[in-house]
1. Do we find that Glu91 is surrounded by fewer than 19 Cβ atoms within 10 Å (Cβ to Cβ) and either among the hydrophobic types (A, V, I, L, M, F, W, C) or farther than 26 Å from Ile292 by Cβ (or both) in this structure?
2. Report, by residue number, each residue of segment 29-46 that is assigned to a helix (DSSP H, G or I), surrounded by fewer than 20 Cβ atoms within 10 Å (Cβ to Cβ) and not small (Gly, Ala, Ser).
3. Given the condition surrounded by fewer than 17 Cβ atoms within 10 Å (Cβ to Cβ) and farther than 17 Å from Glu207 by Cα, answer yes or no: does some residue in segment 324-332 qualify?
4. Would it be correct to say that Met268 is farther than 21 Å from Phe314 by Cα and among the hydrophobic types (A, V, I, L, M, F, W, C)?
5. Could you tell me whether Ile288 is among the hydrophobic types (A, V, I, L, M, F, W, C), touching a Ser or Thr at 6+ places or on another chain (Cβ under 6 Å), surrounded by 14 or more Cβ atoms within 10 Å (Cβ to Cβ) and assigned to a strand (DSSP E or B)?
6. Name the helices (runs of 4 or more DSSP H) wholly inside segment 116-209 in which the number of residues that are crowded, with 17+ Cβ neighbours inside 10 Å is 3 or more.
7. For segment 59-69, check the following and say yes or no: at least one residue is in contact with a helix residue (DSSP H, G or I) (Cβ under 9 Å, 6 or more places away or on another chain) and either surrounded by fewer than 20 Cβ atoms within 10 Å (Cβ to Cβ) or under 18 Å from Asp323 (Cα atoms) (or both).
8. Keeping to segment 50-61, report how many residues are more than 16 Å from the chain's Cα centre (by Cα) and part of a helix (DSSP H, G or I).
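The values are calculated or read from the model by the stated rules, or taken from the named source; none is laboratory data. For clarity, every value in this text was computed on a predicted model and none was experimentally measured. Here the Cβ positions follow ideal geometry from the backbone for every residue, glycine too, while neighbour counts run over all protein chains shown.
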Amino acid sequence: MTSEIPSKLGFRFPAEWEPHAATWLAWPYNLNTWEGHLDGAEAAFVEMIKSLTPNEKVNLLVPDENVKNRAEEKLKSEKFDRKNLEMHLIESGDVWFRDYGPIFIIKPDEVAYTKWKYNAYGHKYHDLLISNEVPDEMPLKKYRRFESDIVLEGGSIDVNGKGTLITTESCLLSPDRNPHMTKEQIETALNKFLGVTNVLWLSSGIEGDDTTGHVDDLTRFVGPAIVVTVEESNQKDPNYEPLMENARRLERMENEKGEMLTVIPLHMPEPFIVEGRRMAATYANFYIANGIVLVPIYMQKSDSEALSILQECFPDRKIIGIDCRELIWGYGSIHCATMQEPEP
């Protein structure tokens with residue numbers, strides 16, 4: 001660990017579409033989350049691993065030998081590049097690696113990582129507090145480590161890699177994250193550790209989201225001055241007004257160069273309810289990897305439109321839909337479960 005400031009050393013948080021050295025995942029196993037839905041969550045992970053390994057390494061966390069054996073059994077009959085899968089015996093608490101894992105930063109010829117505090121979404125889930133220890137258990141000794149003293153989940157931010165970051169007030173200003181900090185102080189921390197110079201603030205998140213409004217369910221950069229953002233056309237839906245407010249804000253937003261953002265609407269799926277609970281189902285929770293984009297789908301008519309829109313955004317990548325009807329039970333989807341390790 002070093003007390004130096006990453007941005008002053010030239011480090012930045014790269015855009016997700018920049019080249020990856022690897023993707024990090026954590027296999028589902030926590031029955032407090034997955035009881036009755038574990039097989040479906042595992043099936044989604046199998047598809048993710050099969051899709052990622054042709055183009056990049058996958059580092060997979062498993063908490064013990066039993067879960068490792070279960071994962072190997074689920075993957076045994078599948079065809080994929082096994083030399084690109086490496087398992088690590090690290091207890092993670094749950095699959096939402098983006099929120100508790102390291103956030104990697106780069107400068108020419110060097111990768112480092114930032115370690116943030118993870119408090120399980122404002123101490124909502126005490127069995128997940130162990131996740132805060134994950135970055136220090138990972139085999140990252142070759143990288144410089146920078147530690148922040150504030151709470152931040154990776155799913156609460158998205159960047160264009162050039163200096164602009166987008167987030168939500170409902171999450172980063174939530175009293176159960178950093179109640180002692182002002183908006184300006186949070187922006188300063190984001191600048192110091194991630195090298196961003198332009199922070200854009202949306203309002204709030206979608207129904208069923210237990211994170212107080214993670215932006216990776218809402219609005220994502222697909223280019224230096226281009227975002228996709230979810231919208232709801234049904235005025236009676238509880239998501240309608242919050243998403244309209246976000247859309248109004250986006251109309252006035254600029255990137256770090258002062259360029260107005262191009263905003264591409266991405267329609268929400270129909271309300272997705274499992275066992276009486278509305279899921280935070282959204283197509284914005286996609287993951288951009290080497291050569292591909294993994295997109296959550298819900299076996300609805302709207303799936304094809306979302307896949308088509310994202311194909312237009314990424315014409316040089318293969319768009320792959322992953323059935324997330326069971327994975328979404330855990331209050332998250334593909335982007336929440338992944339973290340990119342960039343190339344320098």
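1. In short, yes.
2. Leu31, Asn32, Leu38, Asp39, Val46
3. Within segment 324-332, not a single residue is surrounded by fewer than 17 Cβ atoms within 10 Å (Cβ to Cβ) and farther than 17 Å from Glu207 by Cα.
4. Working: farther than 21 Å from Phe314 by Cα: no; among the hydrophobic types (A, V, I, L, M, F, W, C): yes.
In short, no.
5. For Ile288, the condition - among the hydrophobic types (A, V, I, L, M, F, W, C), touching a Ser or Thr at 6+ places or on another chain (Cβ under 6 Å), surrounded by 14 or more Cβ atoms within 10 Å (Cβ to Cβ) and assigned to a strand (DSSP E or B) - is not met.
6. So the answer is 169-172, 183-194.
7. Within segment 59-69, none of the residues are in contact with a helix residue (DSSP H, G or I) (Cβ under 9 Å, 6 or more places away or on another chain) and either surrounded by fewer than 20 Cβ atoms within 10 Å (Cβ to Cβ) or under 18 Å from Asp323 (Cα atoms) (or both).
8. Qualifying residue count for the region: 2.
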